[in-house]
Amino acid sequence: MFDMMPFDRRTGNLFDAFDQMINNSFFGSPEKPSVAPCRTDIIDAGDKFVLKADLPGFKKEDIKIGVQGDELTISAERKEEENKGQNPNYVRRERRYDSLSRSFSLDGIETGKITASYNDGVLQLELPKVAPEAPKTTAIEIK
């Protein structure tokens, strides 16, 4: 029961020193980033783009979508679960707090017509493209 840890995270492993060197400051910063990106697909559907972002485990209320200038930002934050009156005996606890944020350019998008839906851990945004203006023709009078 107490050995319910992923095999690559166990201590006392022959490769611990090498794993720590790779995961820590050798190839990057010693701390993991506090904000993780969400995996996203963007589909060109002709008159609009459809953006699908994976946000598993988040409630709809935890997700915020904002537009500032020509930038769309998707962010989500999950707080630690409160156990009122309970004292669970965790063997391992990894699901305390999580947040993510991702930004996208809105060049060529009608920001006032963006729609969003959230179903089964997938956020879907429909981003209508700005309709191309027909070239104006003017007649020039010959004098």
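The values are calculated or read from the model by the stated rules, or taken from the named source; none is laboratory data. Nothing here was measured: the structure is a model prediction, and the numbers come from that model. Note that we place each Cβ from the backbone using ideal geometry, even for glycine, and neighbour counts take in every protein chain shown.
Suppose we keep only residues that are surrounded by 12 or more Cβ atoms within 10 Å (Cβ to Cβ) and not polar (S, T, N, Q) within the range 114-127. Which one would you say is farthest from VAL67 (Cα to Cα)?
VAL122
So which of ILE109, ILE140 is surrounded by 15 or more Cβ atoms within 10 Å (Cβ to Cβ) and either out of contact with any Lys or Arg (no Cβ under 8 Å at 6 or more places or on another chain) or over 25 Å from GLU80 (Cα atoms) (or both)?
ILE109
Would you confirm, using the coordinates I've provided, whether VAL130 is in contact (Cβ under 8 Å) with a residue 40 or more places away in the chain, out of contact with any helix residue (DSSP H, G or I) (no Cβ under 9 Å at 6 or more places or on another chain) and loosely packed, with under 13 Cβ neighbours inside 10 Å?
When the stated conditions are applied, VAL130 does not pass them.
Check whether at least one residue in the range 79-101 is under 16 Å from the mean Cα position of the chain (by Cα), under 15 Å from ILE42 (Cα atoms) and either modelled with pLDDT under 90 or among the hydrophobic types (A, V, I, L, M, F, W, C) (or both), and report yes or no.
There is no residue in the range 79-101 that is under 16 Å from the mean Cα position of the chain (by Cα), under 15 Å from ILE42 (Cα atoms) and either modelled with pLDDT under 90 or among the hydrophobic types (A, V, I, L, M, F, W, C) (or both).
Name the residue, out of PHE58, PHE49, that is among the hydrophobic types (A, V, I, L, M, F, W, C) and at pLDDT below 95.
Sole residue among the options that is among the hydrophobic types (A, V, I, L, M, F, W, C) and at pLDDT below 95: PHE58.
Which one of the conditions (1) touching a helix residue (DSSP H, G or I) at 6+ places or on another chain (Cβ under 9 Å); (2) surrounded by 13 or more Cβ atoms within 10 Å (Cβ to Cβ) does THR73 fail to meet, given that it meets all the rest?
(1)
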